[in-house]
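Take a look at the structure set out below.
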Amino acid sequence: MIRFFGLIRSYGGDDSHPTVTSFAHLFRLLTIYSPTDKIIHGNVKTDNESSLAVTAYVDALKSLRKSVIAKNKDSRELLEETLLSKLFCGEADQNVLQVVLHDHSYCLPSPLRSITYKLCGFVAFKEKSFSKCHSCVESLVDRNPSTSDMLFTKLKDCGRLTYPSLALVRLLCDDIEPVLDKKLITIDDPMLFVQSFLAELDNVNIVGIGCSVDHSSKLVVSIVFYYVTIRAWFFTKNKNKEDLRGRLAKKNKMKMAKTT
Ligand SMILES: [Zn+2]
C-alpha cells in the first residue's frame with residue numbers, strides 16, 4: 001500500500017505532496033496512460049482498428065501538448081517584451097554605495113521589508129537560472145552582508161541561506177514590491193492582474209543590474225518575471241487559506257446554532 005502511494009506521488013513531479021484531489025487526478029491519468037503505453041509499445045504489432053484508435057489518441061495528445069507548450073512560450077515572450085518596454089534598463093548602478101551610506105544598522109526595518117529581503121535572498125539563490133554570465137550572477141549575491149534589512153534573514157539562517165546584493169534588494173524591495181503589493185491588495189479581478197500591474201510599471205523608473213547594458217535588460221526582466229510569479233503564488237496561497245478558514249468558521253457557527 002505504501003509503495004502504491006509512493007508510486008502515484010512520484011508522478012506528481014515537483015509536487016510530491018498531492019492533495020486528495022490531485023492524487024485522484026494522477027491516479028485517473030495513470031489508469032489511462034499505463035495501459036495505452038503498453039498497447040502502443042507492446043511486443044506484438046497489429047494494425048487492427050483498436051490499435052489505430054489508440055495511436056491516434058496518443059498522437060492527438062502529443063500534438064495538443066506541443067501546441068500548449070508553444071502557446072505558453074509565445075505568451076511568456078510577449079510578457080517579457082512588454083516588461084522590457086515598461087522597465088527602464090540603464091547601466092549597472094553605480095549609486096549602490098550611496099544606499100550603503102544611508103543604511104544605518106541601528107534602523108530596524110519594517111516586517112514587510114524584512115520578509116521581502118528574505119524573498120530576495122531566495123531569488124539570489126536561484127541566480128544561475130537567470131543568467132549564464134558569471135559577473136551578472138555574482139552581482140545578485142552579497143557574500144558579506146551588513147545591511148540592517150538582513151536581521152530577520154540572519155535569525156532564520158542556519159548557515160545555508162543566500163543574501164541578496166544591494167542592487168537586487170533595491171530593484172525588488174524598493175522598485176517592484178511597492179507597486180506589486182498595492183496591486184495584489186487592491187485587485188478585484190485576478191484575470192486583470194497582469195494588465196493592471198504592467199500599466200502601473202509606467203510610473204516606475206528602474207536602473208538595471210548586471211555587468212553590462214546588454215545583459216542588464218534580459219537579467220532584470222527574468223528576475224522581475226520570476227519575483228512577480230512567486231509573490232503572486234504566495235499571495236494566492238495565503239488568500240485561499242484565509243478563505244478556507246472563513247468558510248470553516250462559518251460552517252462551525254451554523255452547526256453550533258443548530259445544536260443550541
Ligand atoms: Zn553579464
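The values are calculated or read from the model by the stated rules, or taken from the named source; none is laboratory data. Because the structure is a prediction, the values reported are computed rather than measured. Because the Cβ atoms are built from the backbone with ideal geometry, glycine has one as well, and the counts that use them run over all protein chains shown.
Checking each residue in segment 202-260 for being closer than 30 Å to Cys133 by Cα and of a type in the set (Ser, Thr, Tyr) picks out Ser212, Ser216, Ser217, Ser222, Tyr226, Tyr227, Thr229.
Would you check if there is a residue in segment 168-187 being among the hydroxyl-bearing types (Ser, Thr, Tyr), outside any loop (DSSP other than H, G, I, E, B), closer than 23 Å to Phe234 by Cβ and modelled with pLDDT under 90? Explain how you work it out, then say what you get.
Initially, segment 168-187 is screened for residues among the hydroxyl-bearing types (Ser, Thr, Tyr), giving 186.
Next, only the ones that are outside any loop (DSSP other than H, G, I, E, B) stay: 186.
Among the residues that remain, those that are also closer than 23 Å to Phe234 by Cβ are: 186.
Add one more test, that the residue is modelled with pLDDT under 90, and what stays is 186.
Among the residues of segment 168-187, at least one is among the hydroxyl-bearing types (Ser, Thr, Tyr), outside any loop (DSSP other than H, G, I, E, B), closer than 23 Å to Phe234 by Cβ and modelled with pLDDT under 90, which makes the answer yes.
Of all residues in segment 138-155, those being part of a helix (DSSP H, G or I) and either modelled with pLDDT of 90 or more or out of contact with any Lys or Arg (no Cβ under 7 Å at 6 or more places or on another chain) (or both) number 6. Residue count for segment 154-183, restricted to those that are within 16 Å of the ligand (Cβ to nearest atom) and within 25 Å of Val194 (Cβ to Cβ): 2. Being out of contact with any Pro (no Cβ under 6 Å at 6 or more places or on another chain), without any contact (Cβ under 8 Å) to a residue 24 or more places away in the chain and in a helix (DSSP H, G or I) is a property that Leu201 lacks. If you go through segment 215-260 and keep only what is of a type outside the set (A, V, I, L, M, F, W, C) and either touching a His at 6+ places or on another chain (Cβ under 6 Å) or surrounded by 12 or more Cβ atoms within 10 Å (Cβ to Cβ) (or both), you end up with His215, Ser216, Ser217, Lys218, Ser222, Tyr226, Tyr227, Arg231, Thr236, Lys239. Among the residues in segment 106-119, are any more than 27 Å from Lys182 (Cβ to Cβ) and not acidic (Asp, Glu)? Yes; the residues of segment 106-119 include at least one that is more than 27 Å from Lys182 (Cβ to Cβ) and not acidic (Asp, Glu). I'm trying to understand the selection: among the residues of segment 155-181, which are exposed (fewer than 13 other Cβ atoms within 10 Å of the Cβ) and of a type outside the set (Gly, Ala, Ser)? The answer is Leu155, Lys156, Cys158, Arg160.
Scanning for something assigned to a helix (DSSP H, G or I), within 16 Å of the ligand (Cβ to nearest atom) and either under 22 Å from the mean Cα position of the chain (by Cα) or not basic (Lys, Arg) (or both), does segment 223-243 turn up at least one residue? First the steps, then the outcome.
To start, the set of residues in segment 223-243 that are assigned to a helix (DSSP H, G or I) comprises 223-243.
This time we only want the ones that are within 16 Å of the ligand (Cβ to nearest atom), so: 223.
Pick out the ones that are also either under 22 Å from the mean Cα position of the chain (by Cα) or not basic (Lys, Arg) (or both) and you get 223.
Yes - at least one qualifying residue is present in segment 223-243.
Residues that are more than 16 Å from the ligand (Cβ to nearest atom) and touching a helix residue (DSSP H, G or I) at 6+ places or on another chain (Cβ under 6 Å) within segment 128-153 comprise Asp149, Phe152, Thr153, listed in sequence order. Of all the numbered requirements in (1) within 20 Å of Cys136 (Cβ to Cβ); (2) assigned to a helix (DSSP H, G or I), Phe193 misses one, and that requirement is (1). Of everything in segment 191-214 that is closer than 12 Å to Asp175 by Cα and surrounded by 16 or more Cβ atoms within 10 Å (Cβ to Cβ), the residue that is nearest to the ligand (Cβ to nearest atom) is Gly208.
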